[in-house]
Amino acid sequence: MKNIAKRFICRSLVLAMLALLLPTGAGTLTVRAYSGGDGTEDNPYLISSAEDMIELATAVNGGNSYSGVYFAVANDIDLEGCEENQWTPIASSWSTPFRGTFNGCGS
């Protein structure tokens, strides 16, 4: 009985994580909150780390254009330590454009 409960919990967690990646309509995907914010003009998603940049690039290059979604850089971000296979520039292909608003905040 104990193993059945563990398997149920594990499967439930995996399904919950996968649900975060499912399309929510109109070509957008549900995303985590990066380093904060909710993606609105008044409260943009905050990009404050190399991990945030990699996640954004991965989502955009995977087909999420983020049309109507706002982002802002929260601080200087150093990508120098990232491996080539980790970092691909955002919208690196004409077929996967970024259509959101990205405020570099002078960085």
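Of the solvent-accessible surface of region 54-107, computed with a 1.4 Å probe over protein heavy atoms with every protein chain present, carbon and sulfur atoms account for 47 percent.
Which FRET efficiency, nearest 0.05, do I77 and E41 yield, Cβ-Cβ r, R0 25 Å? After rounding to 0.05, the efficiency reads 0.70. Rounded to the nearest 0.05, the FRET efficiency derived from the C-beta distance between S95 and E55 at R0 = 22 Å is 0.65.
The values are calculated or read from the model by the stated rules, or taken from the named source; none is laboratory data. Just so you know, these numbers come straight off a predicted model, no measurement behind them. Here Cβ is always computed from backbone atoms with ideal geometry, including for glycine, and neighbour counts include all displayed protein chains. The area values use the complete protein model at the heavy-atom level, side chains included, leaving out ligands, DNA and RNA. Shrake-Rupley method; radii C 1.70, N 1.55, O 1.52, S 1.80 Å.
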